Amino acid sequence: MSATARTGDTPSPFTLFGPTALLVIAKEPLPGLVKTRLTPPFTPAEAAQLAEAALCDTLRTLLALPARRRVLVLDGRPGPWLPDGIEVVAQSSGRLDERLAAAFAGCTGPALLIGMDTPQITPAHLAPALAPDAWDGCDAWFGPADDGGFWALGLAVPDPGLLRGVPMSVPQTGAVQRRRLVEAGLTVRDLPPLRDVDSAADAAHVAAAAPGGRFATTLARLTGAVTR
C-alpha cells in the first residue's frame, strides 16, 4: 500500500506519544459515494459535505490523542480536509471485513481502529484504551454502536484473522465481532456505546451530542437552507 504524510508546525501530533497506533478507516467524501443513506432528505452533494465534516471532526480528535502513529486508511485520495500530522495509507480492495483486516495487518504492536461515522467522539471516549495501562491484562478493546455494529476495535496483537468473515453492516455485526474475540481467548474490555451517522435522525442526534463540532455546524447550515 502507498503511504503519504503531511507535516506542519502544529506541535500536538508530534508530542502526544503513546504505545498504540490509531487508525481511521474512511472514504473520500465525494457526492454519490459517501453517506448515501442520507439521500434523501439531503442531496448527494450535501451528504458529502456532512461526511467531510464528520471526517474532519474525527481526525481533529485523533490529533489530540496519545499515539504511536495516526493513520487514515483511505478509500480515495486525500483532499484539503486532511490536517497535518496524519499518515495516509490506501485501503485494500474487497469486502469491508477484508479491508478492516488489511488495515490491522499493516500494523505492528497495539492498534485501535475507528470509523468516520462517529464525529461526536472526544478524547474521553477513547481514554481507557489509550491509558498507559490500557493493555495490562487486556487483549482487545471494543466500542459497540447503537445500531448493532461497532465504532471502535483495538487489538494488542493486530491479527487480521479476527475480522475476516465477520458479516458487516447487519444488526448482528457487533455481537459477532465481539464473540469472535472472546472465542479466540482474548480478554475484551468495552468502550462506551455510541451512535453512528446513518440516517438524518442519527445526524441530528450526533450533532446535538457535539454541538461545537464542524459536523453540527454543517448540519445546521444545511437544514437551515432547507427550511428557509
Keeping all protein chains in position, work out how much accessible area residue 199 exposes to a 1.4 Å probe, and write it in Å² to the nearest 10. 40 Å²
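Given R₀ = 35 Å, FRET efficiency for residue 95-residue 190 by Cβ-Cβ distance, to 0.05? Don't skip to the end; give the middle numbers.
On the way: r = 25 Å, r/R0 = 0.72.
With R0 = 35 Å, the Cβ-Cβ based efficiency is 0.85.
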Can you work out ³J(HN,Hα) from phi for every residue in region 205-220, in order, using Karplus 6.51 cos²θ - 1.76 cosθ + 1.60 and θ = phi - 60°, giving whole Hz and x for Gly and Pro? 5, 5, 4, 5, 6, 9, x, x, x, 5, 4, 4, 5, 5, 4, 4
Using only the alpha-carbon atoms, how far is helix 96-105 inclined from the longest principal axis of the chain? Give it as 0 to 90 degrees, nearest 10. 50 degrees
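What 222 nm value per residue comes from the helices of the chain, counting each DSSP H run with n ≥ 4 as -39,500 (n - 2.57) and dividing by all residues, nearest 500 deg cm²/dmol?
Using -39500 (n - 2.57) per qualifying helix, the result is -10000 deg cm²/dmol.
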Karplus (6.51, -1.76, 1.60) ³J(HN,Hα), θ = phi - 60°, over region 31-46, in Hz, Gly and Pro reported as x: x, x, 10, 10, 6, 5, 6, 7, 10, x, x, 8, 6, x, 5, 5
Residue-normalised value, i.e. accessible area per residue, for the chain at 1.4 Å probe, in Å², stands at 45 Å²
Percent RCO, i.e. relative contact order, over the chain, from Cα pairs under 8 Å lying at least 6 residues apart: 22 percent
Once the principal axes of the Cα atoms of region 89-228 are found, what is the range along each, listed largest first in whole angstroms? 55, 34, 29
Counting only Cα, what are the radius of gyration and maximum Cα-Cα distance Dmax of region 10-95, in Å? 14.0, 43
Non-local amide H neighbours of residue 190 (under 5 Å, H modeled in plane, Pro and chain starts lacking H): which ones? 142
Pick from 85, 213, 32: which is most flexible by mean-square fluctuation in a GNM of the chain where alpha carbon atoms under 10 Å apart are linked? 32
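The values are calculated or read from the model by the stated rules, or taken from the named source; none is laboratory data. Here the structure is a predicted model, which means the values were calculated and not measured. A quick note on method: Cβ atoms are made from the backbone with ideal geometry, for glycine too, and the neighbour counts reach across all protein chains shown. For the accessible areas, the whole protein counts, side chains as well, though only heavy atoms, and no ligand, DNA or RNA atoms are used. Shrake-Rupley method; radii C 1.70, N 1.55, O 1.52, S 1.80 Å.
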